[in-house]
Every structure is written in C-alpha cells, then in structure tokens.
Amino acid sequence: MIYSTDYHVHTLYSDGRQEPEAYIEAALKLGLREIGFSDHLNPDGGSPEWCMKHKSLPRYVEHLLQLKEEHEDIAVRMGLEIDYLPNREDVTDRIISSYPFDYIIGSVHYLGDETVDLGPEFYMGKDIDLIYENYFNLVCEAASTGLFDIMGHPDLVRIHRYHPEADITHLYSMLASAFEIHNVAFELNTNGRNKPLHDFYPDRHYLQLFAEHGVPVCVNSDAHFPERVGQYFPEGYDLLQRAGYKQMAVFANRERFMIPFR
Ligand SMILES: [Zn+2]
Ligand SMILES: [Zn+2]
C-alpha cells in the first residue's frame, strides 16, 4: 500500500467549497494517511476573492490545530498556498513564522499584475515563448527564497494550452536544478486534468529530469471540493515511479521526510 498524502486542498477559508471537516472525511474514505490544508494566502492582503483574509488566519490556524488533535485516524497537516510575489519576502516570512505550519506551498499565479490561470485572455496576442521564460524564471526565483517547502504547480502556464514554439527542455532543466540547489520539493498536481490543459502539472515528459536531479516530490490534488481529494492519484504514483522515483516527500513541522513507494 502506498502511503498516500494530499497536501493541497482549499476550504471555505479561501476559495474551496466546504469546511475542512468534509475534506478529512473524504480523505478517510480514500484511505489517505495524511491530509494537509493549504488555503490561498496573498502576502499583500486578502483582496483577491480567492484568498484568505489575513484577519482570518488565526481562526484558520486554531481550527486546524483542533482538528489535528481530534484525529488519530489520519494525520492532519496545516499548510498554506502562498503567492510568490517578488519583493514581498519579508512579509511572507513574517506570516509563515508566526504559526506552527507543517509545510508551505509556494505558487506563482501572477506575472506582473496579471494572473496566468484565470482565463485564456492573458495569453492572447502575446509572445508565448517569452511568457514561459518569464514564468519559469519566477518559479526559480521563488524556490531560491528558501521560504517554501513545496513548489506548487510549477508549470501552471500550460493551463490554457498555449504552447511555446521553441523547445523548452532547458526551462525544465533550469527548474529541476533550481529545486535541487535550493533543496525544495515540488508537487505533481493532478488538478490540471480538470482544466483546459487536461493533464497534470508539471508536464509528464519532464518528470524524469526532476528524478535525475533528486528533487523530492509529492502528489497533490489541489481540490477545491471534497470529491476531488486524492483525485487521479494512482495515475500520479505510476507516472512518478516510471520516471524513476522510488520515494515521496512527507512533511511535519516544516521538516521533510522521505517515504518509499512500497
Ligand atoms: Zn495555485
Ligand atoms: Zn491551490
């Protein structure tokens, strides 16, 4: 039996549809060993409607700490999915170090002031090669801050199926090297299957690169409702093992441990 964990789910505290309890129930039904919460937080505040308000953070923490204590049947982990915004490292660090998180997911949703994932409009009429280059550079920069334990959906720019013309193997090599050097894990995010992309992040063709660099990985659903907890995980585990992965990363108190697939 694979030791299954899902560290990327969103609840009513940000843009998810249910209270944390419903996700725990779903995880128990699936036989997951750990369920981790990672509601959206923007270091600049709670203004985008998909983010948790900063003033809700103490309540979020208290709620999850209570659930951790209540559950002996499953390990409940407390995390956040924080937007990486250049030059906001100080405030990000302050938030992260104020509470006993188990892990922090660092995600790039923004290029400049615009989000890359909300709609295809962002890509229309633009130089797609340049967008990819800028996006991958920003993810590397995020990894280099040392603020994050897991890099979220590392090639989210694929979401609306705008492909660069150039070969981009070097971008994935750069990503894998950066993750290795800065000792950060990444996620195989299965939620891309529910998006126009219709596949996981990152691109399955480059998983072997990450494995060769020894970058730790975990499989996450990015579920915004309980029905999607653990979604497509058997396929994710299979892909990783075929790419050469023999173990997966698990997190507690911002420490990483490795667990063999079997
Ligand atoms: Zn995200
Ligand atoms: Zn997410």
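None of the figures in this text is laboratory data; all of them are computed from the coordinates on show. Please read all numbers here as calculations on a predicted model, not as lab measurements. Don't worry about glycine lacking a Cβ; one is built from the backbone with ideal geometry, like all the others, and counts go over all protein chains shown.
Assorted remarks:
- For the range 125-180, alpha-carbon Rg relative to the globular expectation (2.2 N^0.38 Å, N residues): 1.13
- Put a dot 7 Å past the Cα of I259, heading toward its Cβ, do the same for L28, and the two dots end up 1.8 nm apart.
- For M78, M174, M151, the sequence from fewest to most other C-beta atoms within 10 Å is M174, M78, M151.
- Site pair M174 and E227 shows an inter-label distance of 4.0 nm when each label is modelled 7 Å from Cα along Cα→Cβ.
- Loop-located GluC sites (Glu not before Pro) in the range 86-175, at most 12 other Cβ atoms within 10 Å (DSSP): E165
- Rounded to whole numbers, the Karplus 3J(HN,Hα) couplings from phi for the range 163-168 are 9, x, 7, 6, 5, 10 Hz, using 6.51 cos²θ - 1.76 cosθ + 1.60 with θ = phi - 60°, and x at Gly and Pro.
- Based on C-alpha pairs under 8 angstrom that are at least 6 apart in sequence, the chain has a relative contact order of 20 percent.
- Candidates L147, S97, H224 compared by Cα position along the dipole of the chain: farthest toward the positive end lies H224, with charges placed on Cβ.
- Computed over neighbours whose Cβ is under 12 Å from that of L28, the net charge equals -4, Lys and Arg +1, Asp and Glu -1.
- For the range 99-113, the Karplus equation 6.51 cos²θ - 1.76 cosθ + 1.60, evaluated at θ = phi - 60°, returns couplings of 9, x, 6, 8, 6, 10, 8, x, 10, 9, 10, 10, 10, x, 8 Hz by residue, with Gly and Pro reported as x.
- With 0.36 nm allotted per residue and the present C-alpha distance subtracted, the D117-V61 stretch has 17.4 nm of extension available.
- Peptides ranked, highest mean first, by Cβ atoms within 10 Å: ranges 28-35, 93-100: 28-35, 93-100
- Annotation: amide H-H contacts under 5 Å for Y7 (H modelled 1.01 Å from N, sequence separation of 5 or more, or interchain): G36, S221.
- For L41, the residues whose amide H sits under 5 Å from its own are M52, E81, I82, D83, ignoring neighbours fewer than 5 places away on the same chain, with H placed 1.01 Å from N.
- The separation of the range 88-118 from the range 181-230, counted between C-alpha centres, amounts to 18 Å.
- Percent antiparallel among DSSP beta bridges (both partners in the chain, rounded to 5): 25 percent
- A simple charge model with +1 on the Cβ of Lys and Arg, -1 on the Cβ of Asp and Glu and nothing else charged puts the dipole of the chain at about 520 debye relative to its Cα centre.
- Close amide-amide hydrogen proximity is noted between F148 and no other residue 5 or more places distant or on a separate chain, at a cut-off under 5 Å (H modeled in the peptide plane; Pro and chain starts excluded).
- Segments 47-54, 231-238 sorted - mean Cβ within 10 Å per residue, highest first: 231-238, 47-54
- Across all directions, the average projected area of the convex hull around the alpha carbons of the range 7-53 is 3.2 nm².
- Theoretical ellipticity at 222 nm over the chain - DSSP helices of four or more residues, -39500 (n - 2.57) apiece, nearest 500: -9500 deg cm²/dmol
- Dimensionless Rg/Rh of the range 5-260 - Kirkwood Rh, Rg from C-alpha atoms: 0.94
- Furthest towards positive pole of dipole, Y162, L239, M174, structure part the chain, Cβ charges: L239
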